[in-house]
Amino acid sequence: MTDRLRQSRPAAAHASRVEPLSWAGTRRTLIMAAGVGAFLSFVGAFGSERVPFIPRTLFMVAVGLAGAGLGMITFRLVGLIPLAQRGMATRTVLSGTLMTPLMGLLVWGAVWAVSGDRAMLRELPQFMAITWVMCLVMSGLAIFLSHRRSAAPAPAPPGPVKFLERLPLKLRGAEVWAVEAQDHYLRLHTSKGQDLILMRLADAVAELEGIEGAQVHRSWWVARDAVANARRGDGRATLTLKDGSEVPVSRTYARVIREAGWI
């Protein structure tokens with residue numbers, strides 16, 4: 001079957017400074033955070049070697065997941081700061097520094113709660129320093145991975161519809177509603193009226209690429225926005241255009257039209 005639906009591409013939206021949180025990105029972040037927590041447990045970070053391995057691991061993984069949630073919130077908040085748009089290094093420092101106080105208190109408090117060591121209060125500055133370095137590393141990695149994903153080249157904007165250049169002067173700027181083959185000519189149905197041009201329908205269909213529409217009959221191409229009504233009867237379908245023209249839908253093209261939701 002040679003018919004193809006021509007779908008118009010939506011206009012590109014302006015990029016937001018605040019990256020959206022997708023489920024896939026959130027899942028990757030949580031998995032990475034759990035892995036970091038397991039690694040910190042293995043090396044006995046923050047003096048946690050005094051705690052048995054299994055509870056230490058569960059504790060470190062929980063802290064890592066909590067830090068991931070805090071990091072995702074921080075990452076979005078930093079996107080609202082104009083200074084963060086200067087580059088990856090600036091955004092890394094801002095993100096890591098912003099989340100350090102809460103993350104540092106979280107890690108210190110969790111270690112204190114597990115170990116029960118009252119002498120840990122004097123270690124709070126050390127916890128903050130180590131947490132700041134870790135937050136910088138994790139923020140830098142997250143921003144780098146996000147930057148690489150967003151750096152993929154955007155699809156080229158759709159070019160002009162070539163067929164529109166063939167419109168007679170009196171129809172220039174009009175919406176093309178349908179093209180009807182009549183012998184060696186094409187009757188153009190547009191928002192500014194009708195006219196004839198010398199051209200084959202097959203060539204016109206190829207040049208209409210970029211307008212959402214379809215060939216619905218061996219003699220008709222129709223723009224979807226031009227369809228005012230559709231009805232079926234006696235095993236055949238008929239489309240009514242905005243100008244009142246009735247277009248038959250042949251069995252050859254009916255299936256694709258139905259699947260596209262036209263009828």
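Rule-based calculations on the coordinates, nothing more; no lab input. Since this is a predicted model, take the numbers as computed values, not measurements. Every residue, glycine as well, gets a Cβ built from its backbone with ideal geometry; the counts of neighbours run over all protein chains shown.
Calculate the FRET efficiency for E165 and R232 from the Cβ-Cβ distance with a Förster distance of 35 Å, rounded to the nearest 0.05. Please list the in-between numbers first.
Numbers: r = 36 Å, r/R0 = 1.03.
Given R0 = 35 Å and the Cβ-Cβ separation, E is 0.45.
In nm, to one decimal, how far is the A38 label point from the E246 one, both placed 7 Å along Cα→Cβ?
Going by the 7 Å Cα→Cβ label model, 6.9 nm.
Quick one: if you stick a label point 7 Å off each Cα along the C-beta vector at T97 and D203, how many nm between them?
According to this spin-label approximation, the distance is 6.6 nm.
When we measure straight from the Cα of K170, which lysines land under 18 angstrom away, once same-chain ones fewer than 8 places off are left out?
Of all the lysines, those that pass the test against K170 - Cα under 18 Å, at least 8 places apart if same chain - are K162, K192.
Between region 193-224 and region 169-185, how many Å separate their Cα centres?
Answer, in whole Å: 8.
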